[in-house]
Amino acid sequence: MRTHKVLTAGAALLALGLVFLTGGQAADEKDLKTALEKLVKTATDKPDDVQKAGAEFAKENKIDNESIKDVMDYLGKRDVTDKKAVGWGVGNKPGDIKPDGIELKLRELAKVKMTKTQMEKETDALVEMSNRIAAVAAVGLASPPKKVPGKDPKDWKQWSEEMISSSRDFAKAVQSKEPDAKKKADAIKDAAAKLNSSCVNCHGTFRD
């Protein structure tokens, strides 16, 4: 993971004329994660504000189209054996929900219908997952690439916006009180497939 300095945490020290001394990679990652968790909270509590908050996050933390990968890495697989791994995983307990990575879990949900037991057990974790996707997408929306042949920033913007709106639809499907387990499972699968398609389309065009 490429590191970069997160300026928010050091702003007060700089204002006092002190030198902002980073603590190396771990410190940078810790600051980035703390700031990102605040953005996730905005996506959770004030979903209509997440795009604006994502733009502010990108500006304050100097996220551009190169360093956006540092943010997207949090959607990767959680690995408790690797101290450099930053993936959030799915749920509070590592490995309790499988696969334990947001991107991987989303792909699975887009292909395989959930069982009634899974829906009852994983609701909170999947809603949290949707808010994390929305937060990352909001930062991505504010960090478009330059236009080059075959890669139009307008497409990047469209898919980022679709990720944000589709993540909300996914959360609604997961939280639905639909009494028919089959209908609810179908709705979750459809919502997951729509959300995943935005990710796949964007990756297919812009991921090197």
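The values are calculated or read from the model by the stated rules, or taken from the named source; none is laboratory data. Predicted model only: the values in this text are computed from it and were never measured. Backbone-built Cβ (ideal geometry, glycine too); neighbour counts: all protein chains shown.
Listed residues 94, 99; which is over 24 Å from residue 165 (Cβ atoms) and in contact with a strand residue (DSSP E or B) (Cβ under 8 Å, 6 or more places away or on another chain)?
Answer to the check: 99.
Taking the stated definitions as given, is residue 110 farther than 21 Å from residue 38 by Cα, at pLDDT 95 or above and in a helix (DSSP H, G or I)?
Against the criterion (farther than 21 Å from residue 38 by Cα, at pLDDT 95 or above and in a helix (DSSP H, G or I)), residue 110 qualifies.
Rundown of residues vs (1) within 16 Å of the chain's Cα centre (by Cα); (2) buried (at least 20 other Cβ atoms within 10 Å of the Cβ); (3) under 25 Å from residue 190 (Cα atoms), yes/no style:
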site: 63; (1), (2), (3): yes, yes, no
site: 69; (1), (2), (3): yes, no, no
site: 76; (1), (2), (3): yes, no, yes
site: 83; (1), (2), (3): no, no, no
site: 112; (1), (2), (3): no, no, yes
site: 123; (1), (2), (3): no, no, yes
site: 147; (1), (2), (3): no, no, no
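Can you pull out the residues in the stretch 149-166 that are of a type in the set (Asp, Glu) and assigned to a helix (DSSP H, G or I)?
155, 161, 162 - these are the residues of the stretch 149-166 that are of a type in the set (Asp, Glu) and assigned to a helix (DSSP H, G or I).
Inside the stretch 167-193, can you point out the residues that are of a type in the set (D, E, K, R) and either modelled with pLDDT under 95 or not in a helix (DSSP H, G or I) (or both)?
Of everything in the stretch 167-193, those that are of a type in the set (D, E, K, R) and either modelled with pLDDT under 95 or not in a helix (DSSP H, G or I) (or both) turn out to be 177, 178, 180.
When both residues are 6+ apart or on different chains and their Cβ atoms are under 6 Å apart, which pairs have a first residue that lies in the stretch 60-71 and is under 13 Å from residue 28 (Cβ atoms) and among the small types (Gly, Ala, Ser), and a second that is in a loop (DSSP other than H, G, I, E, B) and at pLDDT below 90?
As it stands, the answer is 67/4, since those pairs meet every condition given.
If residue 160 meets every condition in (1) among the hydroxyl-bearing types (Ser, Thr, Tyr); (2) over 15 Å from the mean Cα position of the chain (by Cα); (3) closer than 17 Å to residue 75 by Cα apart from one, which number is that one?
(2)
Could you pull out the residue among 102, 68, 63 that is within 28 Å of residue 181 (Cβ to Cβ) and either modelled with pLDDT under 95 or in contact with a Leu (Cβ under 6 Å, 6 or more places away or on another chain) (or both)?
102
Within the stretch 31-71, can you find the residues that are part of a helix (DSSP H, G or I) and of a type in the set (Gly, Ala, Ser)?
Correct list: 35, 43, 53, 54, 55, 58.
Which condition does residue 41 not pass, out of (1) at pLDDT below 80; (2) under 27 Å from residue 126 (Cβ atoms), if it passes all the others?
Unmet for residue 41, out of (1) at pLDDT below 80; (2) under 27 Å from residue 126 (Cβ atoms): (1).
Hey, among 80, 127, 90, which residue is assigned to a loop (DSSP other than H, G, I, E, B) and under 24 Å from residue 47 (Cα atoms)?
None of the other options fit; the residue is 90.
Name the pairs whose Cβ atoms lie under 6 Å apart, with the first residue in the stretch 116-141 and over 16 Å from residue 75 (Cα atoms), the second at pLDDT 95 or above and outside any helix (DSSP H, G or I), and 6 or more positions between them or separate chains?
Short answer, once both residue conditions are applied: 122/97.
Please give the number of the condition residue 140 fails out of (1) modelled with pLDDT under 95; (2) surrounded by fewer than 18 Cβ atoms within 10 Å (Cβ to Cβ); (3) in a helix (DSSP H, G or I).
(2)
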